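Enquirer: This structure is in structure tokens; I'll ask about it shortly.
The values are calculated or read from the model by the stated rules, or taken from the named source; none is laboratory data. The model shown is predicted, which means the values in this text are computed figures rather than measured ones. Cβ: placed from backbone, ideal geometry, glycine included. Neighbour counts: every protein chain shown.
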Amino acid sequence: MRHEECFWEARRYFCRRPDFCTSALFSSNHRFPRSLRSLIRPKEVLLNTLLEHVQAVLSTTPERWQRLVATLPADLLTRQPVAGEWSALNCLQHLLDAEYKNFPVRLRAFLAGEDFSPFDPSLVHSGLDGLSPQELVATFARTRQESLVALQSLQDDDLTRTVQHPQFGTVTLAQMLHTWAAHDLMHTVQGERALMQPFMLGCGPWRVFFRDHEISTAKE
């Protein structure tokens with residue numbers, strides 16, 4: 001049955017029952033028409049959407065970076081917005097470094113019931129400095145695919161697993177997955193923000209519209 005047909009049949013069904021309450025949706029005594037039964041699931045079997053959302057975010061990040069690296073010149077990718085701030089390429093290096101030493105490692109720790117070891121984001125993986133932008137993004141896409149495969153094995157019950165973080169104490173797997181997705185988005189936006197800087201400088205009177213995105217030593 002198509003979605004539109006399902007909608008109208010459900011509408012007719014409930015309109016004929018003005019005294020119907022939503023709690024009856026999950027009553028074992030209520031019998032729906034066969035055509036509607038497959039659309040209604042008990043609350044306890046509804047799938048948790050966190051895993052789906054996290055995987056969606058993590059799967060788009062390599063694609064965004066592959067597009068940037070494939071189309072933008074190297075001097076723009078490596079340009080620091082101001083001295084001491086990360087260039088777009090530095091942000092990509094950090095994402096790859098976290099893929100090597102942080103999130104997948106900690107995912108395995110959760111599943112093994114092992115507490116976290118400290119992670120210093122300022123220490124870059126020794127093998128990354130000599131890689132070209134194309135090599136970096138290809139390696140990132142490959143390692144991220146391995147992470148996505150690992151995430152597919154998770155069940156909803158795994159989200160409540162806990163371990164000890166060296167700084168924050170008890171943390172859950174659900175919290176770390178939220179952090180992983182937010183970390184991806186944050187550093188991708190940071191990289192794109194670095195790319196914006198030389199264009200904003202040439203905006204003339206329109207520069208006022210980009211004030212919130214300007215990176216300057218005065219804001220540090």
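Enquirer: Note down all Cβ pairs under 6 Å where the first residue falls in segment 142-168 and is at negative phi, the second is modelled with pLDDT of 95 or more and in a loop (DSSP other than H, G, I, E, B), and they're at least six residues apart or on different chains.
Expert: What qualifies is Val163/Asp115; Gln164/Asp115.
Enquirer: If the Cβ limit is 8 Å and pairs must be 6+ apart or interchain, which residue in segment 93-109 that is in the same structural domain as Gln152 (by TED's automatic domain parsing) pairs with which residue that is surrounded by 18 or more Cβ atoms within 10 Å (Cβ to Cβ) and among the charged types (D, E, K, R)?
Expert: Cβ pairs passing all conditions: Leu95/Asp184; Glu99/Arg144.
Enquirer: Considering only segment 180-220, state which residues are in contact (Cβ under 8 Å) with a residue 60 or more places away in the chain, under 23 Å from Gln66 (Cα atoms) and β-branched (Val, Ile, Thr).
Expert: Result: Thr188, single match.
Enquirer: It is to be established whether one or more residues within segment 148-165 are closer than 30 Å to Asp129 by Cα, polar (S, T, N, Q) and out of contact with any helix residue (DSSP H, G or I) (no Cβ under 8 Å at 6 or more places or on another chain).
Expert: no
Enquirer: Got a sec? Which of Glu214, Glu135 is assigned by TED's automatic domain parsing to the domain that holds Ala109, at pLDDT 95 or above, under 27 Å from Ala74 (Cα atoms) and more than 22 Å from the chain's Cα centre (by Cα)?
Expert: Going through Glu214, Glu135 in turn, the sole match is Glu135.
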